[in-house]
Amino acid sequence: MSTRVLVADDQEAIRGAFRMVIDAQPDMHVVAEAADGDQALRLARELRPDVVLADIRMPGIDGLELTRRLAGPANPDPLRVVVVTTFDLDTYVHAALAGGACGFLLKRSGPTLLVEAVRAAMAGDTLISPQVTVRLLRHLRNPAPAPVADDVLTDREREVARLVARGLSNAEIAAELFISAGTAKNHLANIQQKLGARNRVAVAGWAWASGLVDTAGDA
């Protein structure tokens with residue numbers, strides 16, 4: 001069954017670009033577009049899409065309030081909301097995730113990550129732009145110890161985990177290691193399984209806590 005997506009953004013060009021990317025996938029399509037937060041809230045409640053892609057700065061209620069109303073802990077029947085924005089302020093990230101968002105993407109992250117975020121949301125996962133992930137992890141003080149022994153991963157998997165912690169996407173990891181994007185994705189899946197990590201954010205956190213990332217050389 002095709003994933004039904006609602007796109008909420010006040011810029012028509014952005015909505016059109018997202019529609020083009022989403023509709024090009026065999027397993028998803030855009031069911032509606034909204035140019036402001038109020039319209040997005042009405043359409044989301046009326047159509048019950050599988051995933052809502054929400055900009056933050058929109059006329060009417062903003063994307064953070066939209067997220068809270070659709071996906072917040074007080075909602076008895078929450079929707080999946082992925083916040084997609086130009087602005088990567090820490091306050092926005094924390095507010096979005098606290099409001100129930102199952103993803104936080106920067107618009108510059110590109111179409112591949114957008115599609116991955118929709119699929120992650122459908123799988124009950126959370127995807128955050130690599131650039132944001134790295135900054136948030138670097139701000140952590142006294143990170144929790146690694147949950148498993150660091151020798152559980154192969155040398156290649158440790159290298160992939162280190163690159164994830166540096167904020168690289170699967171495509172960038174593939175280019176760095178001279179492997180295909182599919183192979184990079186498979187390595188990441190194996191890492192998540194071995195570590196018991198739900199997503200790449202958890203993998204990155206493990207890599208930082210395990211000392212795989214050189215805070216001087218990888219900053």
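Below is a table of values for the structure above.
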{"read-out": "In the stretch 41-65, the residues that are charged (D, E, K, R) and under 11 Å from Val5 (Cβ atoms)", "value": "Asp50"}
{"read-out": "Strands (runs of 3 or more DSSP E) enclosed by the stretch 34-116 - at least 1 residues per element that are open to solvent by 40 Å² or more (accessible area, probe 1.4 Å)", "value": "80-85"}
{"read-out": "Residue among Ala202, Ala181 that is open to solvent by less than 60 Å² (accessible area, probe 1.4 Å), among the hydrophobic types (A, V, I, L, M, F, W, C) and modelled with pLDDT of 80 or more", "value": "Ala181"}
{"read-out": "Counted residues, the stretch 123-157 - those being assigned to a helix (DSSP H, G or I) and either at pLDDT below 80 or open to solvent by 70 Å² or more (accessible area, probe 1.4 Å) (or both)", "value": "13"}
{"read-out": "Cross-chain or 6+ apart pairs with Cβ under 6 Å, the stretch 153-170 first and assigned by the TED database to the domain that holds His187, then of a type in the set (Gly, Ala, Ser) and open to solvent by less than 30 Å² (accessible area, probe 1.4 Å)", "value": "Ala161/Ala207; Arg162/Ala207; Val164/Ala204; Ala165/Ala204; Ala165/Ala207; Asn170/Ala184"}
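The values are calculated or read from the model by the stated rules, or taken from the named source; none is laboratory data. Note that the structure is predicted; figures quoted are calculated from it, not measured. Here the Cβ is made from the backbone with ideal geometry for all residues, glycine too, and neighbour counts use every protein chain on show. Each accessible area value is taken on the protein alone, full model and side chains, heavy atoms only, with ligands, DNA and RNA left out. Shrake-Rupley method; radii C 1.70, N 1.55, O 1.52, S 1.80 Å.
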